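Taken together, the values in this text are just the output of simple stated rules run on the coordinates, not laboratory data. None of the values given here were measured: they were computed from a predicted structure. Quick reminder, even Gly has a Cβ in these numbers, built from the backbone with ideal geometry, and neighbours come from all protein chains shown.
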């Protein structure tokens, strides 16, 4: 992972930490004063954003370490481990507040909201969506799964805050609105947590290269040398920003060994230059 990506990861992480701590304190104070389970749940959801942002920071710090004897491809996959930890923590938050929301409904508790709650949660919607957009931009720049997970965490918090604002205005007509919103927010949190865990687990376990990547490789092959044919048997291995790709190609059997070697080395160089992928290519005679 290069220094620019590393710095961008730290900037995103620390910005999220500072903003989320401020929002947590504001949301929790109005949630307690209104005795609102959905507000308190959303406050802790925001605090969990702080925890996940710390994990992003730690993930970038570990991922930036160079390869060693035990980890020759570097420590980039720690980023996916960090994203899974984010998902597990987020899931725990969702389960806790799902239980609390059901309890609140069973007890027929009504909530009286204040104007300060409206202001704080509208501010939260704007700020969290802003953080989300910044995190998605940073994730695209760094190709970071943990920052992308953090972005979805911000987005889920913004949606939750929006639902609460709706609930504030509907609360005077429906006593059950706070408990129902608590359930909706909890299910939203659990959905995001599951997606984060599944996406990162798939990368760790190994994925089939997507069609766009294979198309890009085939275009490079076609421009590199017309004698290379039948690229197949692709295997992709991601280690953070370091990507390893192995595949097979066919070359005419009459080519001398040194000629085949020159063609393959040229192809590997082009793939590295154009796609930032380190390729291992096996040659089959045709």
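Some points to look at:
- For 214, 189, 55, order by how many other beta-carbon atoms lie within 10 Å, fewest first: 214, 55, 189
- Put in line by how crowded their Cβ is, counting other Cβ atoms within 10 Å and starting with the fewest, 275, 198, 205, 39 read 205, 198, 275, 39.
- The chain: antiparallel DSSP beta bridges as a percent of all, rounded to 5: 50
- Between segment 10-40 and segment 130-165, the alpha-carbon center distance in angstrom: 15
- Tilt relative to the chain, helix 78-106 - C-alpha long axis, 0 to 90 degrees, to 10: 30
- Hull volume in cubic angstrom per residue (convex hull over the Cα atoms of the chain): 133
- Per-residue Cβ neighbour counts within 10 Å put 8, 181 in the sequence 8, 181, beginning with the fewest.
- Axis of helix 115-142 versus longest Cα principal axis of the chain: the two differ by about 0°, to the nearest ten degrees.
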